[in-house]
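**Q** Below you will find the structure I want to go over with you.
The values are calculated or read from the model by the stated rules, or taken from the named source; none is laboratory data. Quantities reported herein were computed from a predicted structural model and do not represent experimental measurements. A quick note on method: Cβ atoms are made from the backbone with ideal geometry, for glycine too, and the neighbour counts reach across all protein chains shown. We work out accessible area using only protein heavy atoms, side chains counted, and drop any ligands, DNA or RNA first. Shrake-Rupley method; radii C 1.70, N 1.55, O 1.52, S 1.80 Å.
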Amino acid sequence: MTSRQRRVQTLYEISLAIETRETLEETADQALTAYLQKLNCSVGGVFETTDLSGADPTLIESIPANPDRNALFQAGRDHLTDIINRSQSGDERSENHLNSSPTRLSNTSTNDSLSDAFPTTTAVEDTGTFYLFELPEFGVLLLGKRGGSLSTETVYALNSLNEQLAQACRANRRERALRKQRDRFEAIFTATTEPTVNVVVSDDGPERL
């Protein structure tokens, strides 16, 4: 089997594990497990960056479950936070950014848009190499590999899978928002002792219940 055939098979097997589960955490965990197993990575994480009101991106799921003492994971998370902070401040610094060409690495500056900063990779001395990938309109995927590295072809071949994972995560977010809205209305109707209706008046005058 050629390297290209192995890569296609690996991507296919990962794609089978990416699906919308009952919760966002379950969706992220199932996909993350497949990424790590099939790509021989040791650590990984799914972060949400759509709400950056806080100081740091929100960690949805990680492997290991408690990554606080994992130096490679911490280096990747710190680098992600640094990218976000620079993006928000408009500060441009040199990044070890993977160029759009799948044949080489190049140093480019970070733009204001977060999507322009990914994918990116950094080697951590005596620890390994981490990669940061964009999950469009949702967040960022972190993969860490001890010993060796992912080929540039593999890194860019992951784009479609990352989009698939982002779509599954967004579906979970929408379902969670709808569930909260339903629960809120149920609580209102359960608590009230009087009949309650919602009236909508359209532009042309008629009222709709």
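**Q** Hey, for a label at Glu153 modelled as a point 7 Å past Cα toward Cβ, could you say which residues of the range 11-51 have their backbone N under 14 Å away?
**A** Flagged as within label range: 11.
**Q** A follow-up question, please. Around Val8, under 14 Å between beta carbons, what's the net of Lys plus Arg minus Asp minus Glu among the other residues?
**A** +2
**Q** Another question, then. Residue by residue through the range 32-47, what is 3J(HN,Hα) from phi via Karplus (6.51 cos²θ - 1.76 cosθ + 1.60, θ = phi - 60°)? Round to whole Hz and write x for glycine and proline.
**A** So the Karplus estimates, Gly and Pro as x, are 4, 4, 5, 3, 5, 5, 6, 9, 6, 9, 9, 9, x, x, 10, 10 Hz.
**Q** What residues have an amide H closer than 5 Å to that of Thr127, excluding those fewer than 5 places away on the same chain, when H is modeled at 1.01 Å from N in the peptide plane?
**A** none
**Q** In addition: First measure r as the distance between the Cβ atoms of Thr122 and Thr58, then evaluate 1/(1 + (r/R0)^6) with R0 = 25 Å and state the FRET efficiency to the nearest 0.05.
**A** Working: r = 22 Å, r/R0 = 0.86.
So the FRET efficiency works out to roughly 0.70.
**Q** Roll a 1.4 Å probe over the protein chains and send me the accessible area per residue for the range 21-74 in Å². Intermediate values should be presented prior to the final figure.
**A** Details: 2600 Å² over 54 residues.
It amounts to 48 Å² per residue over the range 21-74.
**Q** How large is ³J(HN,Hα), in whole Hz, for each residue of the range 148-162 in order, when computed from phi with the Karplus curve 6.51 cos²θ - 1.76 cosθ + 1.60 and θ = phi - 60°, using x for Gly and Pro?
**A** So the J values, rounded to whole Hz, are x, 7, 7, 5, 4, 4, 5, 4, 7, 5, 6, 3, 5, 5, 5.
**Q** Please list, in chain and number order, the residues 5+ apart from Leu135 or on another chain whose amide H is under 5 Å from its amide H, with Hs placed from the backbone.
**A** Val140, Leu141
**Q** Let's test the formula: R0 of 35 Å, r as the Cβ-Cβ distance of Ser3 and Ser115. What FRET efficiency results, to the nearest 0.05? Let's see the in-between values first.
**A** Working: r = 29 Å, r/R0 = 0.81.
For Ser3 and Ser115, the calculated efficiency is 0.75.
**Q** For Cα pairs less than 8 Å apart in space and 6+ apart in sequence, what is the mean separation divided by the residue count of the range 112-183, i.e. the relative contact order in percent? Show your work: numbers first, answer last.
**A** Working: 68 pairs, mean separation 16.7, N = 72.
Reported relative contact order: 23 percent.
**Q** Out of residues 5 or more away from Glu61 or on other chains, whose amide H comes under 5 Å of its own, with H placed 1.01 Å from N in the peptide plane?
**A** When sequence neighbours closer than 5 places are left aside, the close amide H contacts are Val46.
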